[in-house]
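We did not get these values from a lab; they are worked out from the coordinates using the rules stated. Worth saying up front: this structure is predicted, and the values here are computed from it rather than measured. All Cβ positions, glycine included, derive from the backbone under ideal geometry; neighbour counts span all protein chains shown.
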């Protein structure tokens, strides 16, 4: 996971330097081609946000395509590149702009209190049914455009190490690792993330999947670092509780 995130940072640095150069030369065609190299991750991020909105009934299938939002970035970055002072600022700028475009189009989901209030009572068949329904409703509706596809960027980095972070919790993670494969873990995390509201889920995804710092996320979300850390901690706690209730209790 760290390797993939570092690769993105390196690519961002290379692209930033070239974008500055192409803008100075007013070479719009080369500028857009270079920007295209770093858009797969942004496109995938938009895809996940749209998938979640469809699964939550906040968006009809076919209403939007990820490119409806990412295409605008070519204009936004070209017009603002002179004010972007580093590759890190470029990384944040891309997510911030696409977030603004998304939130102007999507209705913010409410926190699914029913799900989390009843997490102690769900049986194994009920968990399995919820997972199956979520997979049918949301998985794979939006994928990367073929010309943007990069297998190193096309997978989410969800894993137990993001959920169980203390030494004591890692013992629970070891038990889960022994009984669950990576795909099962991924599907469960996706299911629970779908039950969170947009701010909490977005903070978790930006931190774990995109490798952004809490400071960078605060800039993207136009909030405080304390608020980002609070949402991240709550998301982790909800995920941890869900794994324990579903997979570690004998009653399930």
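Take the alpha-carbon centre of region 110-128, take the same for region 44-73, and report the distance between them in whole Å.
Answer, in whole Å: 26.
Under 25 °C and 0.890 mPa s, how fast does region 2-103 diffuse according to Stokes-Einstein, given a Kirkwood radius computed over C-alpha pairs? Answer in µm²/s, whole number. Present the calculation step by step, with values, prior to reporting the outcome.
Details: Rh = 14.4 Å.
Translational diffusion coefficient: 171 µm²/s.
What distance in nm separates the two pseudo spin-label positions at residue 175 and residue 9, each 7 Å out from Cα along the beta-carbon direction?
Roughly 3.5 nm, to one decimal.
Ranking 119, 225, 75 by Cβ neighbours within 10 Å, fewest first, what do you get?
75, 225, 119
Using a 10 Å cut-off around each Cβ, can you sort 46, 107 from fewest to most neighbouring Cβ atoms?
By the 10 Å Cβ count, ascending: 107, 46.
Roughly what angle does helix 2-24 make with the longest principal axis of the chain, taking Cα atoms, 0 to 90 degrees, to the nearest 10?
The angle comes out near 20 degrees.
Compute the semi-axes of the equivalent ellipsoid of the chain, taking the square root of 5 times each eigenvalue of the Cα gyration tensor, and list them largest first in whole Å.
Ellipsoid half-lengths, sorted descending, are 34, 19, 16 Å.
Based only on other Cβ atoms within 10 Å, what is the fewest-to-most ordering of 28, 246?
Sorted ascending by nearby Cβ count, the order is 28, 246.
7 Å from Cα along Cα→Cβ at both residue 30 and residue 111: what's the point-to-point distance in nm?
5.1 nm
Rounded, prolate or oblate, given the Cα gyration tensor of region 4-45, with a/c below 1.5 counting as rounded?
Cα axes put region 4-45 in the oblate bin.
What number, rounded to the nearest 500 deg cm²/dmol, is the helix-based mean residue ellipticity at 222 nm of the chain, given -39500 (n - 2.57) per DSSP H run of at least four residues and division by all its residues? Present the calculation step by step, with values, prior to reporting the outcome.
On the way: 12 runs with 165 residues, N = 252.
Taking each H run of at least 4 residues, the total per residue is -21000 deg cm²/dmol.
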